[in-house]
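Since every read-out is calculated from the coordinates, none of them should be taken as a lab result. In this text the structure is predicted, and so the values were computed from the model without any measurement. Cβ: placed from backbone, ideal geometry, glycine included. Neighbour counts: every protein chain shown.
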Amino acid sequence: MGKTHFMISYAYEIMTKLGKPVLYVTPEMDKNQLNARMLARITGVDASMIQTNTQCYWEQIAQGIGQMVELPWKVYEHSSPTTTMIASAVRRAIAEFGGSIGAVFIDYLQQIPLESGGNMAFEVGKITRQIRDIAKSHKIPVFLGCQINRGNQTTADKRPNRHLLRNSGEIFEVCDQLIMLYRNSVYSNDSSDHTIELIVEKNRLYGKLGTATMLCDLSTSKFLNLAR
C-alpha cells in the first residue's frame, strides 16, 4: 500500500518542517535504494529514473544531493537487526546529533528476527514491547512499519482493520497510534486514482479516530493535502 513511501515522506517532513534529525532503520531495503527514494522526495524526480537514467535529470539530482547532504538524515542498514542492535543504533544517532533526535523509523516489524522458535504471536508481541521501551526511554516517537495478513482480500471492502495485524493482536495493545493505509487503485487498477486513505484505528495520544484521505505520488514518495 506504500508504507515505506509514507514513512520516508513523514521523515522528510520532520527534518524539513521541524528541523529535527531522523534515524531510519532499514532491514529490507539497502541504503542506496532508500537514499534514492529520499532524493526523489526532495527533487520530485521518479526514484526509478534516479537509479537508471540520471543523465536526463542531472541538474535536478545534483541540486537535490546538495540539499540531502544538509539534512539530519541517518540510515542504519542491517538485514536482520535485533531490538538490542536497534537500541544501540538509536543511542549512537542521539550522540551523533548532539543529544537528541526527532524520530526513529523502523521498516518493518516482520524483518526483525524472532529470538526463539516459540509462539510467533508471543515473540512478535515481545519485540513490539521492546521497541516501545526504546521510545519511552529516549522520549522520542518510534514509527514501526508492519504488514497485515491477507484476510481482507476475500471481503467486499478491502480496507484493512486491526484484526488483520500479522501474527499478533498485541501490536494493537502496545502502540499509541495505529494508522493503516489503503489505496483503492490497487484493486480498481485505475491509474488516475492517486488517493490514499489513512485509517486511524487507535489514537491514545489525542483520541480522535477516523479516516483522512490524501493524494500520493509513490514515484516520489510525496503525500499531499487533498483539500489543496
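Table for the structure above
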item	result
For the chain, built as a Gaussian network whose Cα springs stay under 10 Å, the top-fluctuating residue of ASP46, ASP193, ASP107	ASP193
Fraction of antiparallel bridges per DSSP, the range 3-176 only, in percent to nearest 5	10
Ellipsoid equivalent to the range 98-228 - semi-axes via the Cα gyration tensor, in Å	27, 20, 14
Reported label for calculated Kirkwood radius over Cα pairs in Å given [x] 18.0; [y] 19.2; [z] 18.7	[z]
Förster-model FRET efficiency, 25 Å R0, GLN147 and SER88, C-beta, rounded to 0.05	0.50
Mean residue ellipticity (222 nm) of the chain, computed from DSSP H runs ≥ 4 via -39,500 (n - 2.57), nearest 500	-12000 deg cm²/dmol
Cα-Cα over 31 Å, subset of LYS20/LYS158; LYS17/LYS126; LYS126/LYS222; LYS31/LYS222; LYS74/LYS222	LYS20/LYS158; LYS17/LYS126; LYS126/LYS222
Two-site FRET efficiency, GLU13 against ARG204, from Cβ-Cβ distance with R₀ of 25 Å, rounded to 0.05	0.70
Two-site FRET efficiency, VAL186 against LEU71, from Cβ-Cβ distance with R₀ of 25 Å, rounded to 0.05	0.25
Cross-link reach list, aspartates and glutamates versus LYS202, counting only Cα pairs under 14 Å and skipping chain neighbours closer than eight places	GLU170, GLU173, ASP176
Cα lying deepest toward the dipole's positive end in the range 3-176, options LEU109, VAL124, ALA89, charges on Cβ	VAL124
Estimated distance in nm for a label pair at ASP193 and ASP157, the labels positioned 7 Å out from Cα along Cα-to-Cβ	1.5
